[in-house]
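What follows is a set of notes on a single structure, which appears directly below.
The numbers here are math on the coordinates, done by the rules we state, and not lab data. These numbers were taken from a predicted model, which means no experiment stands behind them. Note that each Cβ is placed from the backbone with ideal geometry, even for glycine, and that neighbours are counted across all protein chains shown.
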Amino acid sequence: MFKANENYAKLPGSYLFSTIGKKVKEYSNAHPDAKLIRLGIGDVTLPLAPSVIAAMHSAVDEMGKAETFRGYAPDLGYEFLRKAIIDGDYKAWGVDLDIDEIFISDGAKSDSGNIGDIFAADNRIAVCDPVYPVYVDSNAMSGRTGNYDKASEKWSNVTYMPCTAENSFVPELPKERADVIYLCYPNNPTGAVATKEQLQKWVDFALANGSLIIFDAAYEAYITEKDIPHSIYECDGAKKCAIEIRSFSKNAGFTGTRLGFTVVPKALVLDGVSLNSLWARRSGTKFNGAPYIIQRAGEAVYSEAGRRETREMVAYYMNNAKVIREGLKDAGFDVYGGVNAPYIWLKTPGNMTSWEFFDYLLETVNVVGTPGSGFGPSGEGYFRLTAFGSLENSLEALERIKNMKG
Ligand code: MLT
């Protein structure tokens, strides 16, 4: 007799951004004239770069001719894209990687959710709190997180590492067991960054304890300050303990196009097993590769024009971040992030809970953000705004929030 995966029944509510989407839809249906400004989910708004579009057009034409038509993509990705990534990103940071250490995928969300396929069922995960919900939810689905306690909003088998203003949103090393440690820098949702020294401590910890680090670097293109590491492999020994996940969504606007990659170094051998081989085995079995057209689009991001155009996109969003950040500061809010990341993390005013502030903003000024507590218990009392809207909408949202406060 069929039995459903009972771990799913333990998950509280729906996925954070699905819950928000539903709430906003309900409000919008009830108030059809409301001019909503959506600064909730970190979804880009600028069109794809011209060189990316040109590459897609030309790849579409290739698919229409027998001589250049492509069927299944190689399951681990086309070499032209893997090489562009190594030459275009990692070499510039002094990191040497081989082509077969890069695994092309349909995005960082899928990879960060799927990577748990290669962990033992009884590994204990450690996460920053607040955290991108995919890491915890996907481990909960695999039965790795124990039971969920509604009162504390925590899972019994997860090590939570609080990230608050007091520790500049970079957690202390865990005191409990941590077999798999998820880190995301520049951070979603707090917008914080970790210095190389701080990251090195994590790498040293992982090496000393036989732990694996999953490093989510989806926002590395938003780093504006010098000396902030773009890759965990800038740290000594990281190839022996870390997997890095990257995305084309935020640096090149591929949220709807879907493309990402994961780096699994061959030196990463834990418990006597090569994680590169495990991930290749998993990908070969469950994935047929990102589409050729999209991989050509990804390659174009690394062309000279592609680099210039995507840098301009990032600069546009970072100007929004600055505008929102400075504007909220002037209005008396406690504001974090927005300097090396497209997220602004603020304290809710008047001791409102995160969800109270979400409702208040939605109902009084029609601005949508993301409640900090949706990312974990230490996010309570905080709120996230994204810089991925238009400049006009960012300015308008700011004015509305300022007036609301006054
Ligand atoms: C976010 O808003 O946190 C992100 O857009 C979600 C994602 O990248 O999947």
For the chain, whose charge dipole is built from +1 on Lys and Arg Cβ atoms and -1 on Asp and Glu Cβ atoms, the candidate among 40, 7, 195 with its Cα farthest towards the positive end is 7
In nanometres, the difference between 0.36 nm per residue of separation and the alpha-carbon distance of residue 70 and residue 149 is 23.5 nm
The chain: antiparallel bridges as % of DSSP beta bridges, rounded to 5, reads 55
Connecting every pair of Cα atoms under 10 Å apart in the chain and solving the GNM, the largest mean-square fluctuation among 305, 66, 34 falls on 66
Straight-line reach check, residue 154, cutoff 20 Å on alpha carbons, 8 or more apart in-chain or any other chain, hits among aspartates and glutamates -> 6, 122, 129, 137, 172, 176, 179, 380
Checking the range 151-185 for GluC sites (Glu not before Pro) in a loop per DSSP with at most 13 other beta-carbon atoms within 10 Å yields 172, 176
Those trypsin sites (Lys or Arg not before Pro) from the range 128-209 that are DSSP loop and have at most 10 other Cβ neighbours within 10 Å turn out to be 150, 175
Between the modelled labels at residue 391 and residue 236 (7 Å from Cα along Cα→Cβ) the distance in nm is 4.5
If each part is reduced to its alpha-carbon centroid, the range 71-106 and the range 4-36 end up apart, in Å, by 36
Of the convex hull enclosing the alpha-carbon atoms of the chain, the direction-averaged projected area in nm² is 21.8
Across the range 196-349, qualifying lysine pairs (alpha carbons under 12 Å, at least 8 places apart or different chains) come out at 4
Output for the range 1-100: GluC sites (Glu not before Pro) sitting in coil per DSSP, at most 16 other Cβ within 10 Å, listed by number, reads 67
Membrane-span-like helices (DSSP H runs, Cα span along own axis at least 15 Å, mean Kyte-Doolittle at least -0.5) in the chain -> 16-30, 50-63, 354-365
Within the range 37-184, the percent of DSSP beta bridges that are antiparallel, given to the nearest 5, stands at 20
Of all lysine pairs in the range 19-143 that are eight or more residues apart or on different chains, those with Cα atoms under 19 Å apart total 4
The relative contact order of the range 232-291, taking Cα pairs under 8 Å that sit 6 or more residues apart, comes to a percentage of 26
Candidates 121, 217, 92; GNM for the chain (alpha-carbon contacts under 10 Å) flags as most fluctuating 92
Residue span residue 87 to residue 196: 0.36 nm per residue of separation minus Cα-Cα distance leaves a gain in nm of 37.1 nm
Between residue 122 and residue 363, Cβ-based FRET efficiency (R0 51 Å, step 0.05) works out to 0.65
